[in-house]
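Encoded as C-alpha cells, the structure appears first; notes follow it.
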Amino acid sequence: MTAILIDGKQVAAALRAEVASRVAALTFTPGLAVVLVGDNPASAVYVRSKDRAAAAAGIAARTIRLPADATEAALLATVAGLNADPAVDGILVQLPLPPQIRPQAVIEAIDPAKDVDGFHPVNVGHLHDGRPTLVPCTPLGVMRLLAHAGVSIRGTRALVLGRSAIVGKPMAALLINADATVTVAHSRTRDLAAECRRAEVLVVAAGRAEMVRGDWVSNDSVVIDVGINRLPDGRLVGDCATAECAAHAAAITPVPGGVGPMTIACLLDNTVTAALGRRA
Ligand code: NAD
C-alpha cells in the first residue's frame, strides 16, 4: 500500500486562519513576547517566523533581544517585566540558551498563565494530571494532525519514540489523555524495531535522520515524523525513511511540510488560549 501524506502545511494554514478569526472577534489584541538571547542563526530564523505568523493572525508580537553574554539575572529581570506587563499574554524564551543561563530557572520564572510553550512545571503537572492547560506546541500540533487524519485514538496502541521534555514526554501524556495505550521508547530501548512494529500510531521524535525504516512500520499504521535533520548534502529529512515507511503505513507526515508548520500555528493558538484564560 502507499500511505496518504498528511499535509501539515494545509492543516497549519487552516489553524492559523481559525486563530485569526478568533482574534478578530476579541475586544482586545492578544500580546506575545518572544525573548531571544544571543545570535544563534537557527533561533533567529524561528523567532522571525513566529513574529510574522503572529502579526498575520492579529496578535501583537514583540521580540526582546539580549546579547549572547547576558547574565541569568538579566534574563530573569526581563521575564519578570513581561510577567507584570498586562499587554503580554504569552511569553516564549527561545531555546537553546547560552551556557551561563540555566534553562530550567528561566522556564520556572515565567508566569504559568503566560507560558505558551507549556514547559513550566505547573503546566507540565496539569498535562500529566489530564487537566486543561497550556500544552507544548509540537505535541499539540501532532494531536491536531491525528485529528485531521481522522485517527480515532481511543484504545489504539501508540508508541512514542523519544522521551524529551519538549516532545516525547508531553506527546505520551496527550496520547494517554486521549485513551491510547502508550509505550515510550528511547535510546536504551531493546529491540526498537519490534516495539515500533507493534504500534498502530507511531510518533517519532528521536533526532536521528531516517532511523525508522520501512520494516519497522506495521501495515495500516499512522506514522508521525517529528524529526528535522539536515544531511551533509543540505537535504532536510525526518527521523523516518519516508518512502519506505509509506509503503506500509496508511498515513504518514512528510518532512518538511508535516509537523513543522504545526508548531508555530499551535503557538498562536496557545497565545489566544492564554489571553482568554487571563482576561476572560
Ligand atoms: P532530544 O535530543 O531532546 O530527544 C531525543 C530523544 O530520542 C531522546 O529521548 C533519546 O532517548 C531518543 N533517541 C535518540 N537516539 C535514539 C536512538 N538511536 N534510538 C532510540 N531513541 C533515541 O530531541 P527533541 O527535542 O525531542 O527533538 C527530536 C526531533 O524532533 C529532532 O529532530 C528535532 O529537530 C525535532 N523537533 C521538531 C520540532 C518541529 O517543530 N517539528 C519541534 C521540536 C523538535
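Before moving on, here are some points about what is shown:
- Conditions (1) open to solvent by less than 60 Å² (accessible area, probe 1.4 Å); (2) in contact (Cβ under 8 Å) with a residue 24 or more places away in the chain; number of the one not met by ASP51: (2)
- Within the range 239-280, being over 21 Å from ILE166 (Cα atoms), in a helix (DSSP H, G or I) and either small (Gly, Ala, Ser) or open to solvent by 10 Å² or more (accessible area, probe 1.4 Å) (or both) holds for THR242, ALA243, GLU244, ALA246, ALA275, LEU276, GLY277, ARG278, ARG279.
- Residue count for the range 42-100, restricted to those that are assigned to a loop (DSSP other than H, G, I, E, B) and not hydroxyl-bearing (Ser, Thr, Tyr): 19.
- Any chance ALA74 is open to solvent by 30 Å² or more (accessible area, probe 1.4 Å), hydrophobic (A, V, I, L, M, F, W, C) and over 18 Å from ARG279 (Cβ atoms): yes
- The residues on offer are ALA206, ALA246, ALA194, ALA265, and the sole one that is more than 8 Å from the ligand (Cβ to nearest atom), under 30 Å from ARG52 (Cβ atoms) and not charged (D, E, K, R) is ALA265.
- Criterion applied to GLY238, GLY277, GLY260 was being under 30 Å from SER21 (Cα atoms), within 11 Å of the ligand (Cβ to nearest atom) and not aliphatic (A, V, I, L, M), and the one residue passing it is GLY260.
- Top-ranked residue in the range 143-170 [being within 9 Å of the ligand (Cβ to nearest atom) and among the hydrophobic types (A, V, I, L, M, F, W, C); ranked as least open to solvent (accessible area, probe 1.4 Å)]: LEU161
The values are calculated or read from the model by the stated rules, or taken from the named source; none is laboratory data. Since the model is a prediction, treat every value here as computed from it, not as a measurement. Reconstructed Cβ throughout: ideal geometry from the backbone, glycine too, with neighbour counts over all protein chains shown. Heads up: the accessible areas ignore ligands, DNA and RNA and are worked out on the full protein's heavy atoms, side chains in. Shrake-Rupley method; radii C 1.70, N 1.55, O 1.52, S 1.80 Å.
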